[in-house]
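Following: one structure in structure tokens, then a few remarks.
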Amino acid sequence: MNVAKPLKLYTLKEFENLPKEDGWNYELIDGIVMMSPSPSREHQEISSNLHFSLRLQLRNTQCRSLYEMDIKFNDNVYKPDMMVFCDKHTELPEIVFEILSPSTRQRDLRIKVLKYEEMCVKEYWIIDPKVKTITVHDFVNDTAETYGIHDIVKSLARPEIHIAIETLFEEFE
């Protein structure tokens, strides 16, 4: 008879004290430690293109883009690929960007949609390298829309942000 072993649930303090291996990203969601390998080259190229675009667009504003920083909320720890902060005194981002990868795909598509909305993030952008799309969850207006490779996505939360999707998928020569 096969019996499932119960999952060990961790507190935030236990999570923070866990030894963590290099080459892995760690998150704590509802007491469960979730690990994923460091991002692939393709993932990093998309992330670099996004970060460059955001830095240019936000340079004369109070907003800043930051990447792979731990965000703590309700005893959970998230590590989004990219975030936009517009108030240096707040711990929570206004916009979160996740680039889907095989190891985090289901978590990013299902769990994090709910968690980021609960966190009062204004927008959650899901970048899908497989089909070269971006899905924007606008939690302020309670909408979700998917854009294709030839589209330009404009943020409603931060109108200065507009991303031509094809530029995210440009590879380094």
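The values are calculated or read from the model by the stated rules, or taken from the named source; none is laboratory data. Keep in mind the model is a prediction, meaning the values are calculated, not measured. In this analysis, Cβ positions are derived from the backbone assuming ideal geometry, glycine residues included, and neighbour counts consider all displayed protein chains. Surface accessibility is based on the protein's heavy atoms, side chains included, excluding ligands, DNA and RNA. Shrake-Rupley method; radii C 1.70, N 1.55, O 1.52, S 1.80 Å.
Structure data summary
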read-out: Portion, in percent, of the accessible area of region 108-173 that falls on carbon or sulfur, probe 1.4 Å; value: 52
read-out: Accessible area of the chain divided out per residue, in Å², using a probe of 1.4 angstrom; value: 60
read-out: Translational diffusion of region 132-173, µm² s⁻¹ [Kirkwood Rh, Cα pairs; Stokes-Einstein; 37 °C; 0.692 mPa s]; value: 295
read-out: Cα extents of the chain along the three principal axes, largest first (Å); value: 54, 37, 31
read-out: Using alpha-carbon coordinates, inclination of helix 41-58 to the longest axis of the chain, degrees; value: 50
read-out: Protein accessible area in region 1-79, 1.4 Å probe - carbon and sulfur %; value: 53
read-out: Residues Val3 and Thr90, FRET efficiency given R0 of 35 Å [Cβ-Cβ distance, rounded to 0.05]; value: 0.20
read-out: Per-residue [θ]222 nm for the chain (sum of -39500 (n - 2.57) over DSSP H runs n ≥ 4, rounded to 500); value: -5500 deg cm²/dmol
read-out: Low-density loop positions, chymotrypsin sites (Phe, Trp or Tyr not before Pro), region 64-173 - DSSP coil, at most 15 other Cβ in 10 Å; value: Phe169, Phe172
read-out: Equivalent ellipsoid, region 1-102 (semi-axes from 5 times Cα gyration tensor eigenvalues, Å); value: 30, 18, 10
read-out: Per principal axis, descending, Cα span of region 48-113 in whole Å; value: 36, 28, 16
read-out: Cβ-Cβ FRET estimate between Leu66 and Thr11, R0 fixed at 25 Å, reported to 0.05; value: 0.45
read-out: Region 89-149: GluC sites (Glu not before Pro) in DSSP loop, at most 14 other beta carbons within 10 Å; value: Glu91
read-out: Per-q log10 I(q)/I(0), region 23-70, q = 0.13, 0.21 Å⁻¹ (Debye; single scatterer per alpha-carbon; no solvent); value: -0.44, -0.83
read-out: Descending semi-axes in Å of region 82-155, equivalent ellipsoid built from Cα gyration tensor; value: 20, 15, 12
read-out: Among Ile95, Leu109, Leu50 - extreme Cα towards positive end, dipole of region 48-113, charges at beta-carbon; value: Leu50
read-out: Filtered trypsin sites (Lys or Arg not before Pro), region 76-138: DSSP coil and at most 14 other beta carbons within 10 Å; value: Lys88, Lys130
read-out: For the chain, Cys with no neighbouring Cys Cβ under 4.7 Å; value: Cys120
read-out: Over region 1-51, relative contact order from alpha-carbon pairs under 8 Å, at least 6 apart, %; value: 29
read-out: Relative contact order %, region 1-147, counting alpha carbon pairs below 8 Å whose residues are six or more apart; value: 15
